[in-house]
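Colleague: Dumping the structure here so I can ask a few things about it.
The values are calculated or read from the model by the stated rules, or taken from the named source; none is laboratory data. Note that the coordinates shown come from a computational prediction; the quantities given were computed from them, not determined experimentally. Note that we place each Cβ from the backbone using ideal geometry, even for glycine, and neighbour counts take in every protein chain shown. Remember, those area values only see protein heavy atoms, side chains included, never the ligands or the DNA or RNA. Shrake-Rupley method; radii C 1.70, N 1.55, O 1.52, S 1.80 Å.
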Amino acid sequence: QVQLVESGGGLVQAGGSLRISCAASGTMLSIDDMGWYRQAPGKQRELVASTTRGGTTTYADSVKGRFTISRDNAKNTVALQMNSLKPEDTAVYYCNGRLFRVNYWGQGTRVTVSS
């Protein structure tokens with residue numbers, strides 16, 4: 001059973017930076033797609049950024065130019081560097097990994113951006 005564990009959330013002022021990370025365990029195989037989703041209060045969960053095992057990345061328009069996703073295939077880890085944070089980035093961020101067409105989710109890490 002694949003498990004994803006996030007770390008690195010917290011409180012930051014607008015304009016600041018945070019880096020959140022996610023580590024997968026429970027498999028010796030390299031996870032296929034890995035990514036980050038977020039869910040703000042009263043809103044649906046949305047894709048923030050994703051990366052394939054080959055390194056192709058996708059970003060939500062709202063974070064392009066500010067967030068960078070990276071991964072280490074050998075370690076099955078994925079990170080999200082978030083710069084120029086805005087109050088509207090406040091949400092619970094969830095790590096997602098897909099292996100053999102099965103989606104796995106972390107428990108979430110809260111990011112709060114104060115104005």
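Colleague: In nm, what is the difference between 0.36 nm times the number of residues separating ASP61 and GLN39 and their Cα-Cα distance? Don't skip to the answer; put the middle values down first.
Modeller: Values: separation 22, 0.36 × 22 = 7.92 nm, distance 1.58 nm.
Here the segment from ASP61 to GLN39 would lengthen by 6.3 nm.
Colleague: Just tell me which lysines come within less than 29 Å, Cα to Cα, of LYS75; anything on the same chain fewer than 8 places away is out.
Modeller: The reachable lysines, counting only those whose Cα sits under 29 Å from LYS75, are LYS64.
Colleague: While we're on this one: Say we join alpha carbon atoms closer than 10 Å with springs in a Gaussian network model of the chain; which of ARG19, ARG101, ARG71 then has the biggest fluctuation?
Modeller: ARG101
Colleague: In addition: Taking H as built 1.01 Å from N, whose amide H comes closer than 5 Å to the amide H of GLY108, not counting residues under 5 places away?
Modeller: GLU6, CYS95
Colleague: Evaluate the distance, in nm, between pseudo-label points positioned 7 Å from the Cα of PHE100 and of ALA74 along their respective Cα→Cβ axes.
Modeller: For the pair PHE100/ALA74, the computed spacing is 2.6 nm.
Colleague: If you count only protein heavy atoms with a 1.4 Å probe, what accessible area per residue comes out for the chain, rounded to a whole Å²? Don't skip to the answer; put the middle values down first.
Modeller: Working: 6230 Å² over 115 residues.
I get 54 Å² per residue for the chain.
Colleague: So, one more: For the stretch 40-115, which chymotrypsin sites (Phe, Trp or Tyr not before Pro) are both in a DSSP coil and crowded by at most 16 other Cβ atoms within 10 Å?
Modeller: Working: sites: TYR59, PHE67, TYR93, TYR94, PHE100, TYR104, TRP105; in loops: PHE100.
Answer by residue number: PHE100.
Colleague: Please label the shape of the stretch 7-59 as rounded, prolate or oblate, based on the square roots a ≥ b ≥ c of the eigenvalues of the alpha-carbon gyration tensor (a/c under 1.5 means rounded; beyond that, a/b larger than b/c means prolate, else oblate).
Modeller: Working: a/c = 1.88, a/b = 1.64, b/c = 1.15.
Here the stretch 7-59 falls in the prolate category.
Colleague: Restricting to Cα pairs below 8 Å that are 6+ residues apart, what does the relative contact order work out to for the chain? Please round to a whole percent.
Modeller: Working: 284 pairs, mean separation 41.8, N = 115.
36 percent.
Colleague: Expressed in nm to one decimal, what extension gain is obtained for the pair GLN3 and THR52 from 0.36 nm per residue of sequence separation less their Cα-Cα distance? Could you put the intermediate results ahead of the total?
Modeller: On the way: separation 49, 0.36 × 49 = 17.64 nm, distance 1.82 nm.
Full extension of this stretch gives 15.8 nm more.
Colleague: Share of the stretch 3-115's accessible area from carbon and sulfur, percent, 1.4 Å? Write down the numbers at each step before the final one.
Modeller: On the way: 2930 of 6050 Å².
For the stretch 3-115, the apolar C and S fraction of the accessible surface comes to 49 percent.
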